[in-house]
Amino acid sequence: MGVLKRYGTYLPISEKTPKVNLEEGSTPLVRLDRIGDELGIELWAKLEGCNPSGSFKDRGMVLAVAKALEDGAKALVCASTGNTSASAAAYAAHVGVPCYVLLPSGKVALGKLAQALIYGARVIAVDGNFDRALELARQASEAKGLAMVNSVNPYRIISQKTGAWEICESLGRAPDLHVIPVGNAGNISAYWAGYKDFKSRGGIKDLPKMIGIQAEGAAPLATGKPCPNPETIATAIRIGNPVSAKTAISAVAESGGLFDTVTDDEILKAQKNLASRAGVFAEPASCATLAGLVKLAQAKKLPQGAKAVIVLTGNGLKDPDTAIAQAETPVKIGDTFEELLEALS
Ligand SMILES: *Cc1c(COP(=O)(O)O)cnc(C)c1O
């Protein structure tokens, strides 16, 4: 029913706030028994790729855009590794305001670029990485009075807490382990705040351990070292200087969780595993979560029987190039039944 409608009582909105709605949120929480049994855990996946623009960004964008309209904004701006721009562009189109998106040139997955363009955003390719694009977007926001809808916008994080609330409502409790990919670190901060909210409302007794997974080539939080030149196939988490680093670090510490890294190979393996053995196609950044659990299991650090939720943050169709590059090629035949029979054997 849309995040503002489902959770409006717990969000900072009033009668004056436009009730923006693309039916975001209320995404499926699916049990993955084939993979879970192998790891010795009860594994659940939150399919955030089922949101209207195909990623969790819609959960926060709906409130950020509603509040921007309430404050009289005439246009939106964001920097993006892809999904923020797709989401901002979709909501801007829905409510009828212009949207400027700054993308790191050549580093955005094909599906995400297609979305920003077809939704009608003004796309500006920056010859620099995401962190630089974000600085420029901030400057533009101040100089031109554009509403900034990156996760530096507090309404994004507030509204992303709804993901945690949905998980608690679905399971009737919090999971033991909440496993999530970490880029700019807004989402892990939002989920932790969301679980704590739900506990203080009396909805759950225990909080989960927060497990934040980064790509090895873009792991400032997992290594504790700055990362000036982030590099990974998982473009959505190709970020060297996370805006929400502080809150993410305290989420992990307070919950007794951990940060870990996975390699691009491990991410791709996990992507194939999720698709071919669970029927769930998620983009590479999302699959870092399963790769992280596999790594913990191999190190005998995964508590057996634990209830774990992985947040599959974005749809696999966002990045078809990466999927095709690692998949088997189709079998080619002529147009005869004999050739087909041979191909079937
Ligand atoms: C934005 C994004 C992330 C990273 O989320 P942060 O809040 O920046 O840590 C992970 N996966 C996908 C698919 C994303 O779009």
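Nothing in this text is a laboratory measurement; each read-out follows from the coordinates by a stated rule. Only a predicted model underlies this, so the values are computations on that prediction, with no experimental measurement involved. In this analysis, Cβ positions are derived from the backbone assuming ideal geometry, glycine residues included, and neighbour counts consider all displayed protein chains.
Which shape class, rounded, prolate or oblate, goes with segment 230-318 when its Cα gyration tensor gives a ≥ b ≥ c as root eigenvalues, a/c under 1.5 marks rounded, and past that a/b bigger than b/c marks prolate?
Taking the square roots of the gyration eigenvalues as a ≥ b ≥ c, segment 230-318 is oblate.
Of the trypsin sites (Lys or Arg not before Pro) in segment 249-332, which ones lie in a loop per DSSP and count no more than 15 other C-beta atoms within 10 Å? Spell out each step's value before the answer.
Numbers: sites: 269, 272, 277, 295, 300, 301, 307, 318, 332; in loops: 300, 301, 332.
In loop regions of segment 249-332 (DSSP not H, G, I, E or B), the sparsely surrounded trypsin sites (Lys or Arg not before Pro) are 300, 301, 332.
About the Cα centre, and with charges only on the beta carbon of Lys, Arg (+1) and Asp, Glu (-1), how big is the dipole of segment 220-329? Nearest 20 debye, please.
Working: 11 positive and 10 negative charges, 83 e Å.
Around 400 debye, computed over segment 220-329.
For Cα pairs less than 8 Å apart in space and 6+ apart in sequence, what is the mean separation divided by the residue count of segment 192-332, i.e. the relative contact order in percent?
Details: 184 pairs, mean separation 29.4, N = 141.
For segment 192-332, the relative contact order is 21 percent.
In whole angstrom, how far apart do the alpha carbon centroids of segment 1-45 and segment 195-212 sit?
Using only Cα atoms to place each centre, the spacing works out to 15 Å.
Go ahead and set up a Gaussian network model of the chain, Cα springs under 10 Å, then flag whichever of 270, 299, 253 fluctuates most.
Residue with maximal mean-square fluctuation among 270, 299, 253: 299.
Just report the Cα centroid separation between segment 95-109 and segment 289-345, whole Å.
29 Å
What is the magnitude of the charge dipole of segment 188-244 about its Cα centre, with +1 placed on the Cβ of each Lys and Arg, -1 on the Cβ of each Asp and Glu, and no other charges, expressed in debye to the nearest 20? Write out the running numbers ahead of the final one.
Working: 7 positive and 4 negative charges, 60 e Å.
Dipole of segment 188-244, to the nearest 20 debye: 280 debye.
For segment 1-116, what relative contact order do you get, as a whole percent, if you take Cα pairs closer than 8 Å and at least 6 residues apart?
Details: 166 pairs, mean separation 25.2, N = 116.
It comes to 22 percent, rounded to a whole number.
Rounded to the nearest 500 deg cm²/dmol, what is the calculated helix-only ellipticity per residue at 222 nm for the chain, with -39500 (n - 2.57) per DSSP H run of length n ≥ 4?
That comes out to -13500 deg cm²/dmol.
Straight distance only, please: which aspartates and glutamates reach the Cα of residue 57 with their own Cα at less than 19 Å, same-chain residues fewer than 8 apart left out?
The reachable aspartates and glutamates, counting only those whose Cα sits under 19 Å from residue 57, are 23, 24, 48, 131, 166, 283, 319.
So what are the ³J(HN,Hα) numbers for segment 286-300, from phi and the Karplus equation (6.51, -1.76, 1.60; θ = phi - 60°), rounded to whole Hz, Gly and Pro as x?
Coupling constants for segment 286-300: 4, 6, 4, 5, 5, 4, x, 5, 4, 4, 5, 5, 5, 8, 6 Hz.
Across segment 147-226, how many lysine pairs, 8 or more positions apart or on different chains, have C-alpha atoms separated by under 27 Å? Please give the number. Write down the numbers at each step before the final one.
Details: 161/196; 161/199; 161/205; 161/209; 196/205; 196/209; 199/209; 209/225.
Lysine pair count for segment 147-226: 8.
Please report, in debye to the nearest 20, how large the charge dipole of the chain is about its Cα centre when each Lys and Arg carries +1 at its beta carbon and each Asp and Glu carries -1 there. Walk me through the intermediate numbers first.
Details: 37 positive and 35 negative charges, 274 e Å.
So the dipole magnitude of the chain works out to roughly 1320 debye.
Which one, 88, 147, 32, projects farthest toward the positive side of the charge dipole computed for the chain from Cβ point charges (K/R +1, D/E -1)?
147
Could you run the Karplus curve 6.51 cos²θ - 1.76 cosθ + 1.60 with θ = phi - 60° over segment 203-211 and give me ³J(HN,Hα) per residue in whole Hz, x for Gly and Pro?
x, 9, 8, 10, 9, x, 7, 8, 10
Whole-Hz Karplus ³J(HN,Hα) for segment 232-238, in order, using 6.51 cos²θ - 1.76 cosθ + 1.60 and θ = phi - 60°, x for Gly and Pro?
Taking θ as phi minus 60°, the curve returns 6, 5, 7, 4, 5, 10, 8 Hz for segment 232-238.
Which cross-chain or sequence-distant (5 or more) residues have an amide H under 5 Å from the amide H of residue 125, H modelled 1.01 Å from N in plane?
Under 5 Å from the amide H of residue 125 lie the amide H atoms of 103, each far enough along the sequence or on another chain.
May I ask you to list the trypsin sites (Lys or Arg not before Pro) in segment 1-86 that are in a DSSP loop and have at most 16 other Cβ atoms within 10 Å of their Cβ? Mind dumping the intermediate values first?
On the way: sites: 5, 6, 16, 19, 31, 34, 46, 57, 59, 67, 74; in loops: 16, 19, 74.
Here the trypsin sites (Lys or Arg not before Pro) that fit, given the DSSP loop and packing criteria, are 16, 19, 74.
Along the positive direction of the dipole of segment 142-243 (beta-carbon charges: Lys, Arg +1; Asp, Glu -1; about the Cα centre), which of 184, 200, 235 reaches farthest?
200
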